[in-house]
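Working notes, beginning with the structure itself.
Quick note: the coordinates plus some simple rules give every number you see, no bench work behind them. Bear in mind the structure is a predicted one, so any value in this text is a computation, not a measurement. A quick note on method: Cβ atoms are made from the backbone with ideal geometry, for glycine too, and the neighbour counts reach across all protein chains shown.
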Amino acid sequence: MSVLLIRKEWLDKILSGEKTIEIRGQNCKSKVGHTIGLSYCGQHFIVATVFIEAVKKYNTIDEYNNDYEKHQSKQTALPYKNTYGWILKDIRILDKKVKYTYKKGAIIWVSL
């Protein structure tokens, strides 16, 4: 399983259901159709799982801001040269956190 590391501010919004699109500067097409783990950056616990339903590429700031309710990040310009929205579905908060280890330096993904 792959684990996505997310800053607290954004992961809290995902866990509450407010945020259903994760914005990133790279495509995650290899993860589409798969369930992944979610972890707070700097922690070593999977707190939830989520299914990545699709990936959307944003070509204009208008497209991006039209999805504000889903990604919760209003901008005046696209945040990345290539901006993608990872569409999340079936968020499941775990009853018990699952501890894992990873090599120092992981920034986005941890492979278990």
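Cα centroids of segment 1-54 and segment 79-94: 6 Å apart. Taking 0.36 nm per residue of sequence separation and removing the Cα-Cα distance, the Ile108/Asp90 pair yields an extension gain of 4.4 nm.
Enclosing the Cα atoms of the chain in their convex hull gives a volume equal to 99 cubic angstrom per residue.
Each Cα pair under 8 Å and six or more residues apart adds its sequence gap; the mean of these over the residue count of segment 2-96 is a relative contact order of 37 percent. Estimated purely from DSSP H runs of n ≥ 4, each contributing -39500 (n - 2.57), the mean residue ellipticity at 222 nm for the chain is -4000 deg cm²/dmol once divided by its residues. Legend: ranking of residues Thr83, Thr35, Thr60, Thr76 from fewest to most surrounding C-beta atoms inside 10 Å; resulting order Thr76, Thr60, Thr35, Thr83. In terms of distances greater than 26 angstrom between alpha carbons, the cross-link table entries Lys29/Lys70; Lys74/Lys96; Lys19/Lys99; Lys29/Lys96 yield Lys74/Lys96; Lys29/Lys96.
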